[in-house]
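First up is the structure itself, then whatever we jot down about it.
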């Protein structure tokens with residue numbers, strides 16, 4: 001079973017990236033795999049594995065960027081939000 005939250009190390013750490021996902025979501029798995037293949041450092045939160053206040057707080061963080069609260073949601077540098085499996089958009093945002 002995956003951890004509910006943590007950090008994945010990577011040699012590309014010029015951006016602050018938070019990945020919000022669900023542990024059972026295939027598109028979330030693909031998005032996380034893409035970030036790992038790009039050797040990007042990022043924090044992750046599997047919202048469905050949290051409970052109580054921690055889960056409510058995570059949902060509010062996602063809602064701030066993505067009012068539909070859908071997954072995956074990737075927040076880059078507290079400025080850019082990419083919702084869904086969008087490899088081209090993620091790669092483009094990482095170049096900036």
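Can you find, within the range 8-58, the residue that is farthest from the chain's Cα centre (by Cα) among those that are assigned to a strand (DSSP E or B) and surrounded by fewer than 17 Cβ atoms within 10 Å (Cβ to Cβ)? Among those residues, the one meeting the criterion is 12. With respect to residue 81, determine if the residue is surrounded by 15 or more Cβ atoms within 10 Å (Cβ to Cβ), modelled with pLDDT of 95 or more and out of contact with any helix residue (DSSP H, G or I) (no Cβ under 9 Å at 6 or more places or on another chain). No, not satisfied. Each residue in the range 59-89 was checked for being in a loop (DSSP other than H, G, I, E, B) and within 19 Å of residue 12 (Cβ to Cβ), and 5 of them qualify.
The values are calculated or read from the model by the stated rules, or taken from the named source; none is laboratory data. Bear in mind that the values here come from a model prediction, so they are computed numbers and not experimental data. Glycine also receives a Cβ, built like all others from the backbone with ideal geometry; neighbour counts cover every protein chain displayed.
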